[in-house]
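The values are calculated or read from the model by the stated rules, or taken from the named source; none is laboratory data. Bear in mind the structure is a predicted one, so any value in this text is a computation, not a measurement. Virtual Cβ from ideal backbone geometry, glycine too; neighbours counted across all protein chains shown. Ligands, DNA and RNA are stripped out before the accessible areas are found, and what is left, the full protein with its side chains, is counted by its heavy atoms. Shrake-Rupley method; radii C 1.70, N 1.55, O 1.52, S 1.80 Å.
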Amino acid sequence: MRNPLKAVVRLAASGVAILLVAGVAFANLSPELGGKPTKAQQAAYARSGHYRDGEFRNLVPTELMTGSSTVSMLWRFLFNKVPDKKPAAPLPMRPLDSLAITKKPIDLVRVTWFGHSASLVEIAGQNILLDPMLSVEMGPLSWVTPNRYNPQLAITAEQLPPIDAVLISHDHYDHLDYQTILRLKDKTTHFYVPLGVGAHLLAWGVAPARVSELDWNDSVRLPGLTIVSTPARHFSGRGLTNRNATSWSSWVIKSATRRIFYSGDGGYGPHFQTIGRRHGPFDLTLMECGQYDAQWAQIHMMPEQTVQAALDVRARVLLPVHWGAFTEANHAWNEPVRRATAEAARLRLPITTPELGQPVTLNAGPLPQTMWWQ
(Lines give C-alpha, C1' and ligand atoms only; values in the text may rest on other atoms or scores of the structure.)
Protein backbone atom coordinates (compact mmCIF):
# COMPACT_ATOMS: atom_id res chain seq x y z
CA MET A 1 0.00 0.00 0.00
CA ARG A 2 1.33 3.43 -0.89
CA ASN A 3 2.35 5.90 1.79
CA PRO A 4 -0.87 7.82 2.57
CA LEU A 5 1.08 10.98 3.49
CA LYS A 6 2.74 11.09 0.08
CA ALA A 7 -0.61 10.63 -1.56
CA VAL A 8 -2.05 13.57 0.39
CA VAL A 9 0.94 15.77 -0.49
CA ARG A 10 0.61 14.87 -4.18
CA LEU A 11 -3.11 15.59 -4.08
CA ALA A 12 -2.55 18.94 -2.40
CA ALA A 13 0.18 19.86 -4.89
CA SER A 14 -2.08 18.91 -7.77
CA GLY A 15 -4.87 21.03 -6.31
CA VAL A 16 -2.60 24.05 -5.97
CA ALA A 17 -1.34 23.57 -9.53
CA ILE A 18 -4.89 23.38 -10.87
CA LEU A 19 -5.87 26.52 -8.99
CA LEU A 20 -2.82 28.38 -10.31
CA VAL A 21 -3.47 27.31 -13.88
CA ALA A 22 -7.15 28.23 -13.57
CA GLY A 23 -6.26 31.57 -12.01
CA VAL A 24 -3.74 32.43 -14.72
CA ALA A 25 -6.18 31.36 -17.45
CA PHE A 26 -8.94 33.48 -15.93
CA ALA A 27 -6.65 36.47 -15.54
CA ASN A 28 -5.51 36.22 -19.15
CA LEU A 29 -9.11 36.01 -20.37
CA SER A 30 -10.38 38.81 -18.11
CA PRO A 31 -11.06 42.23 -19.66
CA GLU A 32 -8.99 43.66 -16.79
CA LEU A 33 -5.88 42.63 -18.71
CA GLY A 34 -6.58 45.43 -21.18
CA GLY A 35 -5.41 45.80 -24.77
CA LYS A 36 -2.19 45.64 -26.75
CA PRO A 37 -0.50 48.32 -28.86
CA THR A 38 -0.64 47.63 -32.61
CA LYS A 39 2.44 46.74 -34.66
CA ALA A 40 2.34 50.22 -36.21
CA GLN A 41 2.27 51.82 -32.76
CA GLN A 42 5.17 49.67 -31.58
CA ALA A 43 7.19 50.75 -34.62
CA ALA A 44 6.44 54.38 -33.79
CA TYR A 45 7.48 53.92 -30.15
CA ALA A 46 11.03 53.18 -31.31
CA ARG A 47 11.33 56.86 -32.19
CA SER A 48 10.90 57.75 -28.52
CA GLY A 49 14.50 56.75 -27.79
CA HIS A 50 13.54 54.59 -24.80
CA TYR A 51 11.86 51.65 -26.57
CA ARG A 52 14.01 48.79 -27.83
CA ASP A 53 13.42 45.12 -28.62
CA GLY A 54 9.74 45.39 -27.77
CA GLU A 55 10.25 46.96 -24.32
CA PHE A 56 10.37 50.43 -22.85
CA ARG A 57 13.54 51.29 -20.93
CA ASN A 58 14.52 53.68 -18.16
CA LEU A 59 16.93 56.59 -18.57
CA VAL A 60 19.47 54.80 -16.36
CA PRO A 61 20.13 51.04 -15.95
CA THR A 62 17.45 49.62 -13.65
CA GLU A 63 16.93 46.18 -12.14
CA LEU A 64 13.50 45.16 -10.91
CA MET A 65 14.97 42.89 -8.27
CA THR A 66 18.34 42.93 -6.55
CA GLY A 67 19.70 40.49 -4.00
CA SER A 68 17.70 37.30 -3.48
CA SER A 69 15.26 35.70 -5.90
CA THR A 70 11.66 36.61 -6.67
CA VAL A 71 10.53 33.36 -5.02
CA SER A 72 12.28 34.18 -1.74
CA MET A 73 10.84 37.70 -1.85
CA LEU A 74 7.33 36.34 -2.36
CA TRP A 75 7.83 33.82 0.45
CA ARG A 76 8.96 36.63 2.75
CA PHE A 77 5.92 38.74 1.84
CA LEU A 78 3.45 35.90 2.43
CA PHE A 79 4.89 34.34 5.56
CA ASN A 80 7.11 36.84 7.40
CA LYS A 81 5.39 38.36 10.40
CA VAL A 82 5.64 42.16 10.18
CA PRO A 83 4.05 44.08 13.08
CA ASP A 84 1.26 46.43 11.98
CA LYS A 85 1.41 45.29 8.37
CA LYS A 86 -2.22 46.43 8.15
CA PRO A 87 -4.07 48.94 10.33
CA ALA A 88 -6.21 47.47 13.10
CA ALA A 89 -9.28 49.43 11.96
CA PRO A 90 -10.41 51.53 8.97
CA LEU A 91 -8.40 54.73 8.59
CA PRO A 92 -9.85 58.18 9.35
CA MET A 93 -11.68 59.50 6.31
CA ARG A 94 -13.55 62.67 5.39
CA PRO A 95 -16.38 62.19 2.90
CA LEU A 96 -16.00 64.49 -0.09
CA ASP A 97 -18.89 66.68 -1.21
CA SER A 98 -19.24 66.62 -4.99
CA LEU A 99 -21.10 69.94 -4.88
CA ALA A 100 -18.05 71.60 -3.30
CA ILE A 101 -15.98 70.42 -6.28
CA THR A 102 -18.51 71.75 -8.78
CA LYS A 103 -18.89 75.23 -7.25
CA LYS A 104 -15.49 76.83 -6.64
CA PRO A 105 -13.58 80.04 -7.44
CA ILE A 106 -11.41 79.96 -10.57
CA ASP A 107 -8.27 80.78 -8.60
CA LEU A 108 -8.68 77.86 -6.17
CA VAL A 109 -5.82 75.33 -6.06
CA ARG A 110 -6.83 72.26 -4.06
CA VAL A 111 -5.62 68.66 -3.90
CA THR A 112 -7.56 65.81 -2.30
CA TRP A 113 -5.85 62.47 -1.70
CA PHE A 114 -8.03 59.34 -1.58
CA GLY A 115 -5.37 56.87 -0.41
CA HIS A 116 -2.57 55.12 -2.31
CA SER A 117 -1.91 57.42 -5.30
CA ALA A 118 -5.43 58.40 -6.35
CA SER A 119 -5.86 62.17 -6.03
CA LEU A 120 -8.03 64.98 -7.34
CA VAL A 121 -6.27 68.19 -8.38
CA GLU A 122 -8.48 71.26 -8.76
CA ILE A 123 -6.57 74.01 -10.54
CA ALA A 124 -7.49 76.82 -12.98
CA GLY A 125 -11.10 75.75 -12.72
CA GLN A 126 -10.26 72.27 -14.01
CA ASN A 127 -10.78 68.89 -12.33
CA ILE A 128 -7.75 66.65 -12.86
CA LEU A 129 -7.68 63.05 -11.55
CA LEU A 130 -4.35 61.33 -10.91
CA ASP A 131 -4.20 57.51 -11.10
CA PRO A 132 -7.84 57.14 -9.99
CA MET A 133 -7.86 53.67 -8.46
CA LEU A 134 -11.23 54.10 -6.73
CA SER A 135 -12.11 50.45 -6.11
CA VAL A 136 -11.91 48.45 -2.90
CA GLU A 137 -10.68 45.31 -4.70
CA MET A 138 -7.75 45.22 -7.10
CA GLY A 139 -7.22 43.36 -10.37
CA PRO A 140 -8.88 40.30 -11.91
CA LEU A 141 -8.00 38.00 -8.99
CA SER A 142 -8.97 39.90 -5.84
CA TRP A 143 -8.27 36.85 -3.67
CA VAL A 144 -4.61 37.17 -4.69
CA THR A 145 -4.12 40.94 -4.63
CA PRO A 146 -4.44 43.09 -1.48
CA ASN A 147 -7.75 44.77 -0.71
CA ARG A 148 -8.14 48.36 0.42
CA TYR A 149 -7.95 49.01 4.18
CA ASN A 150 -11.22 50.96 4.15
CA PRO A 151 -14.44 49.40 2.85
CA GLN A 152 -15.27 52.61 1.00
CA LEU A 153 -13.64 55.79 -0.29
CA ALA A 154 -14.22 59.45 0.43
CA ILE A 155 -16.14 59.64 -2.84
CA THR A 156 -17.12 57.14 -5.53
CA ALA A 157 -16.41 57.51 -9.23
CA GLU A 158 -20.15 57.88 -9.81
CA GLN A 159 -20.39 60.77 -7.34
CA LEU A 160 -17.58 62.77 -8.91
CA PRO A 161 -18.59 65.74 -11.07
CA PRO A 162 -17.38 65.93 -14.69
CA ILE A 163 -13.62 65.43 -14.95
CA ASP A 164 -11.57 67.51 -17.38
CA ALA A 165 -8.55 65.21 -17.48
CA VAL A 166 -7.38 61.88 -16.09
CA LEU A 167 -3.61 61.40 -15.90
CA ILE A 168 -2.30 57.83 -15.66
CA SER A 169 1.30 57.20 -14.57
CA HIS A 170 1.53 53.53 -15.66
CA ASP A 171 -0.61 50.46 -16.18
CA HIS A 172 -0.19 48.49 -12.93
CA TYR A 173 -3.47 47.46 -11.32
CA ASP A 174 -3.05 49.74 -8.30
CA HIS A 175 -2.88 52.78 -10.61
CA LEU A 176 -4.96 51.89 -13.66
CA ASP A 177 -8.20 50.31 -12.46
CA TYR A 178 -10.59 48.74 -14.94
CA GLN A 179 -13.74 49.21 -12.84
CA THR A 180 -12.94 52.87 -12.16
CA ILE A 181 -12.28 53.60 -15.84
CA LEU A 182 -15.67 52.08 -16.75
CA ARG A 183 -17.32 54.49 -14.33
CA LEU A 184 -15.31 57.52 -15.46
CA LYS A 185 -15.14 57.05 -19.22
CA ASP A 186 -18.35 58.91 -20.03
CA LYS A 187 -17.80 61.81 -17.60
CA THR A 188 -14.13 62.47 -18.46
CA THR A 189 -13.28 64.90 -21.24
CA HIS A 190 -9.85 63.41 -21.90
CA PHE A 191 -7.40 60.76 -20.73
CA TYR A 192 -3.65 61.48 -20.96
CA VAL A 193 -1.50 58.37 -20.66
CA PRO A 194 2.04 57.12 -21.32
CA LEU A 195 2.88 55.46 -24.63
CA GLY A 196 1.04 52.16 -25.06
CA VAL A 197 -1.42 52.62 -22.21
CA GLY A 198 -4.08 53.93 -24.56
CA ALA A 199 -4.65 50.38 -25.81
CA HIS A 200 -6.08 49.42 -22.42
CA LEU A 201 -8.55 52.30 -22.44
CA LEU A 202 -9.70 51.59 -25.97
CA ALA A 203 -10.26 47.93 -25.06
CA TRP A 204 -12.48 49.13 -22.19
CA GLY A 205 -14.68 51.27 -24.41
CA VAL A 206 -13.17 54.73 -24.02
CA ALA A 207 -13.70 56.70 -27.22
CA PRO A 208 -10.44 57.07 -29.20
CA ALA A 209 -10.99 60.82 -29.47
CA ARG A 210 -10.76 61.02 -25.66
CA VAL A 211 -7.37 59.31 -25.37
CA SER A 212 -3.93 60.83 -25.96
CA GLU A 213 -0.63 59.01 -25.47
CA LEU A 214 2.26 61.26 -24.46
CA ASP A 215 5.96 60.53 -24.65
CA TRP A 216 8.32 61.95 -22.05
CA ASN A 217 8.53 65.74 -22.38
CA ASP A 218 5.41 65.97 -24.56
CA SER A 219 2.91 68.59 -23.39
CA VAL A 220 -0.74 69.50 -23.97
CA ARG A 221 -2.74 72.64 -23.31
CA LEU A 222 -6.03 72.84 -21.46
CA PRO A 223 -7.87 76.09 -20.72
CA GLY A 224 -5.53 77.88 -18.31
CA LEU A 225 -3.28 74.82 -17.92
CA THR A 226 -0.28 73.04 -19.39
CA ILE A 227 0.22 69.32 -18.68
CA VAL A 228 3.64 67.75 -19.30
CA SER A 229 4.57 64.08 -19.30
CA THR A 230 7.95 63.73 -17.60
CA PRO A 231 10.25 60.72 -17.00
CA ALA A 232 10.01 58.22 -14.17
CA ARG A 233 12.13 55.16 -13.27
CA HIS A 234 9.81 52.19 -13.12
CA PHE A 235 8.34 49.31 -15.18
CA SER A 236 4.93 48.19 -16.48
CA GLY A 237 2.73 45.23 -17.31
CA ARG A 238 -0.67 43.73 -16.43
CA GLY A 239 -0.04 40.11 -17.39
CA LEU A 240 2.60 37.41 -17.60
CA THR A 241 3.72 38.26 -21.14
CA ASN A 242 3.56 42.05 -21.48
CA ARG A 243 6.29 43.28 -19.13
CA ASN A 244 7.36 46.82 -20.16
CA ALA A 245 5.14 46.78 -23.28
CA THR A 246 3.84 50.20 -22.18
CA SER A 247 5.65 53.23 -20.83
CA TRP A 248 5.46 55.06 -17.47
CA SER A 249 5.49 58.74 -16.57
CA SER A 250 5.50 61.39 -13.93
CA TRP A 251 3.36 64.51 -14.54
CA VAL A 252 3.74 68.28 -14.35
CA ILE A 253 0.63 70.47 -14.08
CA LYS A 254 1.15 74.22 -14.62
CA SER A 255 -1.27 77.14 -14.45
CA ALA A 256 -0.32 80.78 -14.89
CA THR A 257 0.53 81.05 -11.19
CA ARG A 258 0.81 77.53 -9.69
CA ARG A 259 2.79 74.36 -10.39
CA ILE A 260 2.11 70.81 -9.17
CA PHE A 261 4.21 67.69 -9.69
CA TYR A 262 3.13 64.05 -9.39
CA SER A 263 5.92 61.48 -9.37
CA GLY A 264 3.96 58.36 -10.27
CA ASP A 265 5.83 55.23 -9.17
CA GLY A 266 9.55 54.79 -9.47
CA GLY A 267 13.00 54.64 -8.01
CA TYR A 268 15.21 57.58 -7.21
CA GLY A 269 17.28 58.96 -10.07
CA PRO A 270 18.77 62.03 -11.78
CA HIS A 271 15.51 62.73 -13.62
CA PHE A 272 14.15 64.52 -10.55
CA GLN A 273 16.81 67.23 -10.71
CA THR A 274 16.22 67.63 -14.45
CA ILE A 275 12.48 68.06 -13.89
CA GLY A 276 13.16 70.59 -11.14
CA ARG A 277 15.40 72.64 -13.40
CA ARG A 278 13.01 72.59 -16.35
CA HIS A 279 9.66 72.94 -14.62
CA GLY A 280 10.13 73.86 -10.97
CA PRO A 281 9.76 75.17 -8.42
CA PHE A 282 6.53 73.38 -7.50
CA ASP A 283 3.99 74.72 -5.02
CA LEU A 284 3.03 71.14 -4.14
CA THR A 285 4.58 67.78 -4.98
CA LEU A 286 2.75 64.46 -4.68
CA MET A 287 5.62 62.01 -4.30
CA GLU A 288 5.61 58.22 -4.09
CA CYS A 289 6.23 57.08 -0.51
CA GLY A 290 5.46 53.49 0.41
CA GLN A 291 5.40 49.88 -0.80
CA TYR A 292 9.20 49.72 -0.85
CA ASP A 293 11.82 47.06 -0.14
CA ALA A 294 15.63 46.96 -0.29
CA GLN A 295 15.29 44.32 -3.02
CA TRP A 296 13.41 46.65 -5.36
CA ALA A 297 14.94 49.98 -4.34
CA GLN A 298 15.64 50.85 -7.98
CA ILE A 299 11.93 50.90 -8.87
CA HIS A 300 10.40 52.19 -5.60
CA MET A 301 11.94 54.88 -3.41
CA MET A 302 12.67 54.56 0.27
CA PRO A 303 10.94 57.33 2.31
CA GLU A 304 14.20 59.26 2.77
CA GLN A 305 14.66 59.23 -1.00
CA THR A 306 11.12 60.51 -1.38
CA VAL A 307 12.08 63.62 0.59
CA GLN A 308 15.30 64.06 -1.39
CA ALA A 309 13.40 63.71 -4.67
CA ALA A 310 10.99 66.44 -3.52
CA LEU A 311 13.97 68.68 -2.83
CA ASP A 312 15.43 67.80 -6.24
CA VAL A 313 12.29 68.94 -8.08
CA ARG A 314 12.31 72.10 -5.93
CA ALA A 315 9.10 71.37 -4.05
CA ARG A 316 7.80 73.95 -1.62
CA VAL A 317 5.54 71.37 0.04
CA LEU A 318 5.61 67.56 -0.04
CA LEU A 319 2.46 65.42 0.04
CA PRO A 320 3.54 61.75 0.38
CA VAL A 321 1.32 59.28 -1.52
CA HIS A 322 1.37 55.57 -2.43
CA TRP A 323 0.48 54.51 1.11
CA GLY A 324 -2.64 54.45 3.29
CA ALA A 325 -4.70 52.02 1.19
CA PHE A 326 -3.02 48.70 0.34
CA THR A 327 -0.26 46.54 1.82
CA GLU A 328 2.09 45.63 -1.02
CA ALA A 329 5.42 45.37 0.81
CA ASN A 330 7.02 44.05 4.00
CA HIS A 331 6.79 47.10 6.22
CA ALA A 332 4.30 48.49 8.71
CA TRP A 333 1.43 50.28 6.99
CA ASN A 334 2.36 53.64 8.58
CA GLU A 335 6.14 53.31 8.40
CA PRO A 336 6.40 55.29 5.12
CA VAL A 337 4.82 58.43 6.52
CA ARG A 338 6.69 58.14 9.84
CA ARG A 339 10.04 57.96 8.09
CA ALA A 340 9.16 60.65 5.54
CA THR A 341 7.97 63.16 8.14
CA ALA A 342 11.11 62.58 10.20
CA GLU A 343 13.36 63.11 7.19
CA ALA A 344 11.40 66.16 6.02
CA ALA A 345 11.79 67.69 9.47
CA ARG A 346 15.52 66.97 9.41
CA LEU A 347 15.94 68.63 6.02
CA ARG A 348 13.46 71.42 6.81
CA LEU A 349 11.10 70.58 3.95
CA PRO A 350 7.46 71.50 4.62
CA ILE A 351 5.20 68.43 4.47
CA THR A 352 1.44 68.01 4.54
CA THR A 353 -0.23 64.82 5.78
CA PRO A 354 -3.99 65.01 5.20
CA GLU A 355 -6.46 62.34 6.22
CA LEU A 356 -8.11 60.44 3.40
CA GLY A 357 -10.45 62.83 1.64
CA GLN A 358 -9.20 65.91 3.52
CA PRO A 359 -8.58 68.75 1.04
CA VAL A 360 -5.20 70.47 0.88
CA THR A 361 -5.85 74.06 -0.27
CA LEU A 362 -2.90 76.21 -1.21
CA ASN A 363 -2.67 79.76 0.17
CA ALA A 364 -5.60 79.23 2.53
CA GLY A 365 -3.93 78.99 5.90
CA PRO A 366 -2.05 76.13 7.59
CA LEU A 367 -1.87 72.86 5.67
CA PRO A 368 -3.00 69.57 7.29
CA GLN A 369 -0.15 68.24 9.43
CA THR A 370 -1.84 66.13 12.11
CA MET A 371 -0.05 62.83 12.79
CA TRP A 372 -3.34 60.92 12.58
CA TRP A 373 -1.60 57.60 11.78
CA GLN A 374 -0.04 57.26 15.24
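Points worth noting:
- The set of residues in the stretch 256-280 being touching a strand residue (DSSP E or B) at 6+ places or on another chain (Cβ under 7 Å) and not small (Gly, Ala, Ser) consists of ARG258, ARG259, ILE260, PHE261, TYR262, ASP265, ILE275, HIS279.
- Close pairs (8 angstrom Cβ cut-off, 6 or more residues apart or separate chains): in contact (Cβ under 8 Å) with a residue 12 or more places away in the chain and at positive phi in the stretch 238-249, among the hydrophobic types (A, V, I, L, M, F, W, C) and open to solvent by 30 Å² or more (accessible area, probe 1.4 Å) anywhere: ASN244/PHE235
- Only strands (runs of 3 or more DSSP E) whose full extent lies in the stretch 157-252 are considered here, and the ones with at least 1 residues that are polar (S, T, N, Q) are 211-214, 219-222, 225-230.
- Residues within the stretch 99-119 that are in a strand (DSSP E or B) and crowded, with 20+ Cβ neighbours inside 10 Å, tallied: 5
- Scanning the stretch 338-358 for residues that are open to solvent by 20 Å² or more (accessible area, probe 1.4 Å), touching a Leu at 6+ places or on another chain (Cβ under 8 Å) and closer than 24 Å to ASN127 by Cα turns up ILE351, GLU355.
- Count - residues of the stretch 142-161 that are surrounded by 16 or more Cβ atoms within 10 Å (Cβ to Cβ) and at pLDDT below 95: 2
- Output for the stretch 242-275, where each listed residue is more than 19 Å from the chain's Cα centre (by Cα) and among the charged types (D, E, K, R): LYS254, ARG258, ARG259
- Taking residues in the stretch 134-150 that are under 21 Å from LEU91 (Cβ atoms) and of a type in the set (A, V, I, L, M), and partners anywhere that are modelled with pLDDT of 90 or more and outside any loop (DSSP other than H, G, I, E, B), the pairs with Cβ atoms closer than 6 Å and at least 6 places apart or on different chains are LEU134/THR180.
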